[in-house]
Every structure is written in C-alpha cells, then in structure tokens.
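K.L.:
Take this structure, written in structure tokens, and hold onto it; I'll ask about it next.
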Amino acid sequence: MPDTAPLMIIAGALLILLLIQQWLAQVGKRLEAAKLVTKAASPQGKPLLNGLSVMGLDERGISSLRALMKDTDSVALATFFAFNRPTVQELDAYLQHLFEQFHNTADAVTATSLPAPPAGMRIDALSTTERNLLLHRDPHQVRHIDRALMARFGGHTFLAHFTLYNSRDSGVTLHVPPFDADRTLFETLAKSGIASRGRQIPLQQRLSVLKMQELRQMGKDLKLTQKFTRKADAIQALSQQPGAAVLLSMQYVIDDLFMLNPLDVDPHAIEQEWAWLVACAKLLGSIPPRRTALS
C-alpha cells in the first residue's frame with residue numbers, strides 16, 4: 001500500500017499557502033483603503049518655500065505670499081492672510097501643536113523651552129506677548145476677519161480704519177470738520193455703513209454734539225419755558241421741536257457730523273484675532289533669506 005503521508009503534507013502546505021495569500025490580499029486592501037482615507041483627509045498643498053507647502057492659493061497668490069515673506073512686513077503679511085485665508089500646512093500643524101501642549105500652562109513659557117518651528121522660523125523673533133497669544137489661542141477657532149468685514153473697513157486699509165473705529169465710542173455723535181486728519185477715514189466708514197453721517201444720524205443723537213450751554217440757548221431760541229439741568233433731558237425735549245434741526249445746522253455743517261455704528265462682532269474679539277494674525281505673520285517672516293529657496 002503506497003505511503004500517502006507526503007501527499008498529505010504537500011496538500012496541507014498548499015492549503016496554508018492559500019490561506020496566507022488570502023490574508024495578505026485582505027491586508028493589502030485595508031492598507032490601500034487606509035492610504036486613500038489619509039490622502040483624502042490630508043490634501044497636498046503646493047510648494048511655497050523650502051520645507052513649506054500652502055493650500056488655498058493659486059500660483060499668483062503664492063508668488064505674492066513669497067514676496068511678502070521676504071519683505072518681512074508683518075502688517076502687510078497679516079493683511080494678506082486675513083484677506084485670502086491660505087493655510088501654510090507646516091505652520092498650521094506647529095501652531096496646533098503649541099496650543100495643544102501649552103494652552104493650559106499657567107507659567108510664562110520662554111522661547112527656548114518651546115519646540116523649534118519648521119523651515120527655519122525663529123520663535124524668539126516674537127515678543128513674550130506674541131508667543132503667549134500663539135500658545136493660548138486655538139488656531140482653528142472661529143475667525144471673524146474675512147473679506148466681507150475687511151471690505152467694510154476699506155479692504156487693505158483695514159488696520160488704519162479699524163484702529164480708528166476701536167479708539168472711539170460707537171453711538172456717539174462726533175464733529176469731524178474737513179481739515180481733521182481723520183476726515184477721510186470717517187468718510188470711508190460712512191460709505192460702507194460702519195458710520196452714519198449727517199441726516200442719517202437721528203436728530204436726538206445729532207443734538208448730543210452740542211454743549212449744555214448751547215442746548216440751553218437753543219431752548220431759548222425755540223421759546224421753551226422749561227429749564228434744563230441735565231443734558232439728556234434737554235436733548236430729549238429739543239429733539240421734539242420742529243426748529244431744532246435748523247438751529248443745529250446753523251452751528252454745525254450737517255455733513256461734518258459722524259456717528260460710529262455698533263458691529264455685530266465684539267471689537268475686542270477682532271482686535272485679538274488681528275494680533276494673532278500679526279504674530280503668525282511675524283513668525284512666518286522670520287525665515288532667514290538663505291532658507292527661502294523653492295522646494
């Protein structure tokens with residue numbers, strides 16, 4: 001009777017090889033699927049500089065960004081970032097790492113204790129306040145400064161116009177004559193609706209530009225018998241008189257009156273976001289010129 005043991009061994013080996021082949025095929029499919037998911041989750045950016053890639057810009061925008069980085073003008077670079085919203089992938093990952101690692105740190109963190117940023121950026125180029133801003137602000141939190149908001153403040157002159165807005169109280173009538181250094185800025189804000197001008201301002205608010213003595217004199221001119229001791233009471237009473245607007249126009253040219261309107265966003269939140277953008281721009285602009293070759 002022939003010995004069948006060798007045949008059984010060979011058949012078993014072939015079965016084992018078949019099972020291994022099927023297992024490897026399944027593993028290969030899973031790895032391929034994982035690669036596709038990773039590729040979809042992490043889209044590739046376009047080369048910016050050596051060690052940096054950027055998303056959200058066309059070639060013209062990338063050229064503009066490179067030029068601004070070489071000029072090291074933090075305000076111009078921050079304006080570009082606010083207006084175009086690009087993502088420098090390596091910088092974005094670094095800022096996210098800083099926030100995740102240090103946002104709960106109570107003590108001051110020195111530049112030397114922080115991980116080195118990518119592509120030759122220098123974290124020590126930032127002030128302590130700027131570094132802390134990067135540590136404690138989530139780079140992916142909601143941002144308010146976009147093209148629409150910047151357009152209301154004059155587009156690329158956003159900083160000057162917002163600084164003016166933030167330095168004055170909204171809802172207060174201001175007399176800004178033609179020779180005033182801020183007149184052009186107020187006119188720009190009035191065109192975009194950030195400020196009201198002239199007859200756009202309710203009479204009651206327009207009357208607030210007058211001093212108490214001037215309000216009392218207007219009351220006399222309008223034959224009012226009421227004696228005013230509080231400015232709010234005088235404004236309220238005079239605003240009901242038909243001749244008040246005419247008398248006011250005799251003292252102030254109506255188009256020289258402006259009133260800043262409240263925003264639907266907290267100006268402090270905008271101020272903090274702008275400071276964060278400047279800190280990011282300063283970090284990106286700290287790359288030494290010799291490192292700014294294309295990949």
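K.L.:
I need the full set of residues from the range 194-237 which are under 44 Å from the mean Cα position of the chain (by Cα) and surrounded by fewer than 14 Cβ atoms within 10 Å (Cβ to Cβ), in order please.
P.N.:
Those that are under 44 Å from the mean Cα position of the chain (by Cα) and surrounded by fewer than 14 Cβ atoms within 10 Å (Cβ to Cβ): 199, 202, 211, 212, 230, 232, 233, 236.
K.L.:
Follow-up. Scan the range 234-254 and report the pairs whose first residue is within 11 Å of residue 209 (Cβ to Cβ) and free of Cβ contacts under 8 Å to residues at least 40 places away in the same chain and whose second residue is surrounded by 14 or more Cβ atoms within 10 Å (Cβ to Cβ) and of a type in the set (Ser, Thr, Tyr), with Cβ atoms within less than 9 Å and a gap of 6+ or a chain change.
P.N.:
Every condition considered, the pairs that remain are 235/208.
K.L.:
Mind listing just one residue for me: the one in the range 134-150 that is of a type in the set (A, V, I, L, M, F, W, C) and within 24 Å of residue 189 (Cβ to Cβ) and, of those, surrounded by the fewest Cβ atoms within 10 Å (Cβ to Cβ)?
P.N.:
148
K.L.:
In the range 186-194, is there at least one residue being among the β-branched types (Val, Ile, Thr), under 30 Å from residue 142 (Cα atoms), at pLDDT 95 or above and assigned to a helix (DSSP H, G or I)?
P.N.:
No: the range 186-194 contains no residue that is among the β-branched types (Val, Ile, Thr), under 30 Å from residue 142 (Cα atoms), at pLDDT 95 or above and assigned to a helix (DSSP H, G or I).
K.L.:
Which helices (runs of 4 or more DSSP H) sit wholly inside the range 210-295 and have at least 1 residues that are charged (D, E, K, R)?
P.N.:
The qualifying helices (runs of 4 or more DSSP H) are 212-221, 231-238, 267-284.
K.L.:
On the given criteria, is residue 273 touching a residue at least 40 places away in the same chain (Cβ under 8 Å) and either within 20 Å of the chain's Cα centre (by Cα) or farther than 23 Å from residue 143 by Cα (or both)?
P.N.:
Taking the combined requirement at face value, the residue satisfies it.
K.L.:
Look at the range 55-73 and say how many of its residues are out of contact with any Gly (no Cβ under 7 Å at 6 or more places or on another chain) and not in a helix (DSSP H, G or I).
P.N.:
4
K.L.:
Going by the structure shown, is residue 162 under 21 Å from the mean Cα position of the chain (by Cα), touching a residue at least 12 places away in the same chain (Cβ under 8 Å) and assigned to a helix (DSSP H, G or I)?
P.N.:
It is true that residue 162 is under 21 Å from the mean Cα position of the chain (by Cα), touching a residue at least 12 places away in the same chain (Cβ under 8 Å) and assigned to a helix (DSSP H, G or I).
K.L.:
Another question about this same structure. State whether the residues of the range 119-128 include one that is in a loop (DSSP other than H, G, I, E, B), on the phi < 0 side of the Ramachandran plot and without any contact (Cβ under 8 Å) to a residue 60 or more places away in the chain.
P.N.:
Looking through the range 119-128, at least one residue is in a loop (DSSP other than H, G, I, E, B), on the phi < 0 side of the Ramachandran plot and without any contact (Cβ under 8 Å) to a residue 60 or more places away in the chain.
The values are calculated or read from the model by the stated rules, or taken from the named source; none is laboratory data. None of the values given here were measured: they were computed from a predicted structure. Positions of Cβ are backbone-derived with ideal geometry, glycine not excepted, and every protein chain shown enters the neighbour counts.
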